[in-house]
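Nothing in this text is a laboratory measurement; each read-out follows from the coordinates by a stated rule. Everything numeric in this text was worked out from a predicted model, so none of it was measured. FYI the Cβ positions are ideal-geometry reconstructions off the backbone, even for glycines, and counts take in every protein chain you see.
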Amino acid sequence: MEPIEALERIAFLLERADAPVYRIRAFRNAAAVLSALPPAERERRAATGRFTDLKGIGSTTGKVLAEAAAGRTPGYLADLERDSGGPLAEGGTALRAALRGDCHLHSDWSDGGSPIEAMALAARDAGHRWAVLTDHSPRLRIAHGLTADRLRSQLDAVAELNARLAPFRLLTGIECDILPDGSLDQDDDLLDRLDVVVASAHSELRMAAPAFTRRLLAAVGNPLVDVLGHCTGRLIGDRKRPESTYDAAAVFAACAEGGTAVEINSSPQRLDPPRRLLALARDAGTLFAIDSDAHAPGQLDWQIHGCARAEEAGIPAGRIITTWSADDLLAWTATRRLPSDAPA
Ligand SMILES: [Zn+2]
Ligand SMILES: [Zn+2]
């Protein structure tokens with residue numbers, strides 16, 4: 001294993017295990033320091049095993065590099081593979097094998113930790129044919145939401161990247177805030193240009209149920225919205241937040257009617273919707289998107305959580321838009337036409 005690969009694999013496994021960002025940063029930073037070196041310099045250091053005099057390489061990362069350079073599996077990595085490299089969920093493997101993409105991931109343009117290209121490459125390495133880049137909208141300032149101008153320049157960056165990554169396709173998108181009145185936090189003409197629009201509520205989540213119902217009905221009834229993101233807003237990890245309350249039956253009926261997919265958010269902090277609402281959406285006849293909501297490459301692996309839940313709920317693969325080809329997905333977002341092999 002190349003020294004740099006050892007660092008990247010460690011970072012990936014830590015992200016996948018939802019480790020705190022500060023523990024991961026040292027490995028990602030060290031990998032960046034190493035990849036910025038001229039190849040000859042990198043080889044010279046690999047030959048000598050000396051790395052710790054480089055700025056950004058500390059004792060832990062230096063030891064990993066020296067072990068990898070000496071042709072051994074670094075101890076830190078071996079421990080991590082043993083403790084955190086196994087399956088994340090029970091079940092879901094058949095559905096995971098059927099997935100071709102992911103409709104929800106973030107880059108360092110908003111609150112993600114990695115560049116767009118790193119996220120795209122990780123999605124490709126996860127076996128996907130496509131993924132949708134969905135950074136936050138402007139009002140979410142704490143997450144560095146993208147202004148219209150920044151989103152427009154992101155579209156250029158994605159086009160440039162796609163020219164290099166084909167046949168993998170990074171589709172353009174947004175995780176657009178659903179404002180308290182149900183309107184969307186980005187210009188309509190810009191939303192219309194994007195391949196996929198995920199709409200999620202991030203503020204005023206304790207609104208009274210009738211008002212929250214109206215808010216979500218307005219969002220899912222908006223023809224620009226393709227996917228309703230993490231529909232209850234609950235958090236179930238270290239930080240806890242109760243579900244938003246609203247008339248879920250009415251909202252899912254509107255999703256089924258208008259052809260808006262309900263997201264199965266696979267983040268272990270969310271697992272949203274909860275099982276009873278997943279069953280309600282299933283019975284309402286909605287489409288679904290099994291999404292990672294990844295903010296780092298290793299978190300793309302979280303989709304297995306959503307696959308396990310969808311499989312347990314008996315949701316057929318054809319109703320899950322993340323099993324579709326990119327062409328089928330784009331035809332659907334543009335016209336709401338279903339793929340010919342999707343169940344009616
Ligand atoms: Zn969100
Ligand atoms: Zn998100």
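For the reader, a short list of remarks on this structure follows.
- For Leu80, the test of being farther than 20 Å from Val33 by Cβ, within 16 Å of ligand 2 (Cβ to nearest atom) and in contact (Cβ under 8 Å) with a residue 60 or more places away in the chain is failed.
- Checking each residue in segment 18-41 for being closer than 17 Å to Pro74 by Cβ and either charged (D, E, K, R) or touching a Ser or Thr at 6+ places or on another chain (Cβ under 7 Å) (or both) picks out Arg23, Ala26, Phe27, Arg28, Ala30.
- Residue within segment 198-216 that is closer than 18 Å to Ile116 by Cβ, crowded, with 20+ Cβ neighbours inside 10 Å and in contact with a strand residue (DSSP E or B) (Cβ under 6 Å, 6 or more places away or on another chain) present: yes
- Test: residue in segment 174-182 that is touching an Asp or Glu at 6+ places or on another chain (Cβ under 9 Å) and either away from ligand 1 (no atom under 16 Å from the Cβ) or among the charged types (D, E, K, R) (or both): yes
- Unmet criterion (only one of (1) within 16 Å of ligand 1 (Cβ to nearest atom); (2) touching a Gly at 6+ places or on another chain (Cβ under 7 Å)) for Ala69: (1)
- Test result for Ser107, under 16 Å from the mean Cα position of the chain (by Cα), more than 16 Å from ligand 1 (Cβ to nearest atom) and among the hydroxyl-bearing types (Ser, Thr, Tyr): no
The rows are residues; the columns are (1) within 16 Å of ligand 1 (Cβ to nearest atom); (2) touching a Ser or Thr at 6+ places or on another chain (Cβ under 8 Å).
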position: Lys63; (1), (2): no, no
position: Asp83; (1), (2): no, no
position: Gly92; (1), (2): no, no
position: Asp111; (1), (2): yes, no
position: Ser114; (1), (2): no, yes
position: Glu117; (1), (2): no, no
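- Qualifying positions in segment 161-218 - within 18 Å of Leu105 (Cβ to Cβ) and acidic (Asp, Glu): Glu175, Asp177, Asp195
- Inside segment 67-97, residues that are in contact with a helix residue (DSSP H, G or I) (Cβ under 8 Å, 6 or more places away or on another chain) and either surrounded by 12 or more Cβ atoms within 10 Å (Cβ to Cβ) or aliphatic (A, V, I, L, M) (or both) make up a count of 19.
- Restricting attention to segment 248-264, the residues that are of a type in the set (D, E, K, R) and crowded, with 16+ Cβ neighbours inside 10 Å total 1.
- Residue check, Asp195 within 16 Å of Trp332 (Cβ to Cβ), touching a residue at least 40 places away in the same chain (Cβ under 8 Å) and of a type in the set (Asp, Glu): yes
- Filtered residue count, segment 286-341, keeping only those that are farther than 18 Å from Val225 by Cα, over 19 Å from the mean Cα position of the chain (by Cα) and outside any helix (DSSP H, G or I): 7
- Members of segment 114-163 that are part of a helix (DSSP H, G or I), within 15 Å of His295 (Cα to Cα) and touching a helix residue (DSSP H, G or I) at 6+ places or on another chain (Cβ under 7 Å): Ile116, Glu117, Ala118, Met119, Ala120, Ala122, Ala123
- Test: Gly298 is more than 23 Å from Asp247 (Cβ to Cβ) and without any contact (Cβ under 8 Å) to a residue 40 or more places away in the chain: no
Let's see how each residue does on (1) within 21 Å of Gly173 (Cβ to Cβ); (2) within 16 Å of ligand 2 (Cβ to nearest atom):
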{"position": "Asp226", "(1), (2)": "yes, yes"}
{"position": "Cys231", "(1), (2)": "yes, yes"}
{"position": "Arg234", "(1), (2)": "no, yes"}
{"position": "Asp238", "(1), (2)": "no, no"}
{"position": "Glu243", "(1), (2)": "no, no"}
{"position": "Ala254", "(1), (2)": "no, no"}
{"position": "Ala261", "(1), (2)": "yes, yes"}
{"position": "Pro268", "(1), (2)": "no, yes"}
{"position": "Pro273", "(1), (2)": "yes, yes"}
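- Residue tally, condition over 25 Å from Ile320 (Cβ atoms) and within 16 Å of ligand 2 (Cβ to nearest atom), over segment 178-224: 4
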